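First the structure, in the form of structure tokens, and then the observations on it.
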Amino acid sequence: MPVEHTKDLPLIPSRLEKGALEEHEVSVTGPAGSLMIYRTSVLHRGSAFGAPGRSRFAMLIDYQSRGWRWNGKVSWPDRAGRPGFGQALALMTPRQRDLFGWPPVGSDYWNDQTLRDVALRYPDMDLTPYAEGVAGTY
């Protein structure tokens, strides 16, 4: 999915209607051994193979920007939907979240987009400390 069609959408695909962006899909195909690289903010999916004896192999490798320790090997998306996780984050202070590797207050991670997305995912969390100094303040 080209980023220009999704850059202003929340990074929570379950909030989109099925097929909502279908007209913007771009098929990526290649011969055996091809490599497709994309970042995690790109909406993507795998299609079914039509012929028998076909297979798809995925090697999931992650890289992160230096200093963004909350995007490491044990990342938040793995736990975001688990029962109690949202309530725990909502009850924590910013300093307590920081101890778990959450982006700290004043980090360049925080902008209008990330504030909106976190507010959607964790509606009970007070994001006021993170919004200080952000231009539009979601």
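Values in this text are rule-based calculations from the coordinates and carry no lab data. This is a predicted model, so every value here is computed, not measured. Heads up, the Cβs are rebuilt from the backbone with ideal geometry, glycines too, and the neighbour counts pull from every protein chain shown.
Quick notes on this one:
- Peptides 117-124, 45-52, ordered by how many other C-beta atoms sit within 10 Å of their residues on average, highest first, read 117-124, 45-52.
- Per residue, the average separation of C-alpha pairs within less than 8 Å and at least 6 apart gives the range 79-131 a relative contact order of 41 percent.
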